[in-house]
1. Projecting each Cα onto the charge dipole of the stretch 140-273 (Lys/Arg +1, Asp/Glu -1 at the beta carbon, about the Cα centre), which of Pro182, Val203, Ser244 comes out farthest on the positive side?
2. Nearest 20 debye, what's the magnitude of the dipole of the chain about its Cα centre given +1 on Lys and Arg Cβ and -1 on Asp and Glu Cβ?
3. Among Ala191, Gln212, Gln235, whose Cα lies farthest out toward the positive end of the dipole of the stretch 175-261, if unit charges sit on the beta carbon of Lys, Arg (+1) and Asp, Glu (-1)?
4. With 10 angstrom as the radius, rank Arg16, Arg396 by how many other C-beta atoms surround their C-beta, starting from the fewest.
5. Give me the percent relative contact order of the stretch 207-451, please, defined on Cα pairs under 8 angstrom at least 6 residues apart.
6. Mind giving me the nanometre distance, one decimal, between the label points for Ile44 and Ser247, set 7 Å out from Cα along Cα→Cβ?
7. Would you work out the charge dipole size for the stretch 194-317 about its Cα centre, treating the Cβ of every Lys and Arg as +1 and the Cβ of every Asp and Glu as -1, and quote it to the nearest 20 debye?
8. Contour minus end-to-end for Lys58 and Asp194, with contour as 0.36 nm per residue of separation and end-to-end as the Cα-Cα distance?
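All of the numbers you see were taken from the coordinates with simple rules; none came from a lab. Note that the structure is predicted; figures quoted are calculated from it, not measured. All Cβ positions, even for glycine, are placed from backbone atoms using ideal geometry, and neighbour counts span all protein chains on display.
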Amino acid sequence: MLKKLLVANRGEIAVRVIRAAQDLGIATVAVYSDADADSLHVQIADEAVNIGPPAAKKSYLNQANILKAAADTAADSIHPGYGFLAENADFADACKAAGLVFVGPSGDAIRTMGDKVAARSAAHAAGVPVVPGSMGRVADIDEARHILMDTGFPVMIKAAAGGGGRGIRIAGDLAEFEAAFPQAAAEALAAFGDGGLYMEKVVTRARHIEVQVLGDGTDAVHAWERECSLQRRRQKVWEEAPSSALSDRVRDELCQSAVRLTRAVGYSGAGTIEYLYDDAADRFYFIEMNTRIQVEHPVTEMITGIDLVAEGLRIAGGEPLRLKQRDIQARGHAIEVRLNAEDPSRDFAPFPGTVSALRVPGGPGVRFESMLYAGYTVPPFYDSLLAKLVVHAETREAAIARLVRALKETRIEGLRTTRPLFLALADDPSVQANAVHTRWLEGWLETHSARLVPELEP
């Protein structure tokens, strides 16, 4: 087992990881920028080290400073959380070279699955369905035009490296394609230092379904699926488990395909395999693998009772996978919504500020993952995520009712948040019926955003 863990992150995920480590008897080290000196993760860790100025590239993305902090505190391991360096293969390699355990997969596994083309090839080799498109990087626009003969329109042009919705364009005809291809290449180069592209057919009205996996480098299991179809600008805002859209047959095929791929790449730790699901065709297609713990992992924990962060720490500490597939059961329904410091009535404009008072929801089946406390000042330098509100109940209908109750209980005074968005969505007939897809929310916002005015509490 690990002895002392440095958490190379901030915010609610740093708090989550520190708590899981302490539950296992592992000493913890927090790192923080100048802007985060008063953050909750700094307060609850056993030790804390300042790693630089507010700018992420000078602190949370500064590998040298993080590795020095680990050496100075005699940490034996590093957990990257999500975002920042979590899917940086070079950082995983640097940790290993420094004699540190990187809590996650190997650098090679991160490289393979982080490169969209390589991941697509690995999925195909493991017998996992992939979206029709290029089987490798597209050399140039001439080759791209040839591939169009198979994909047709609409087609998606995607960065081969990276993620987060950058380096992506959708073209509905040849003129749009000719303009979008060089734009996507330039954006991918600027964002990831790699202008490589590949192409996929656009599956219209698709759902976003993902499978939680755990591996120890040899064996692997799944912890069922999550649906994340409610998205804005390709960013998830509402997640739930299980998906009510899948039949038992498709669910089994989907989850088994995820396990095959996890084993095929020798994956170690917690990870997520993402798919598109075509309702009309009743087919699923591999999108990508996220080689880290996900923001939405709590919904899986709520239906399975598994502490995914703790299991990842055990695996990193050298324990073989403890869980057998037959023992992982899904019970009830869970929903997570992301409470951000944003004004949804003003195109989700950021709203940093000071939390003047905080009321956390409670009661059965309610979980509030956050780094907030009364008096905390939300800095303007990082992601706007404040908290994740997670609920669990016997049925999806009961979970939505519990979500509404918990949202009404929640008070984050002094800020504007996305709480009104989720109250409105929970009341929408299409959401209640789960009659949504990955583009549904953006259309809904065009007609509903004006009424999502948050109350700014004194």
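1. Positive-end residue among those listed: Ser244.
2. 400 debye
3. Farthest along the dipole direction, towards plus: Gln235.
4. With the sparsest Cβ surroundings first, the list reads Arg396, Arg16.
5. 21 percent
6. Taking the simple label geometry, Ile44 and Ser247 are separated by 4.4 nm.
7. Roughly 340 debye, rounded to the nearest 20.
8. 46.8 nm
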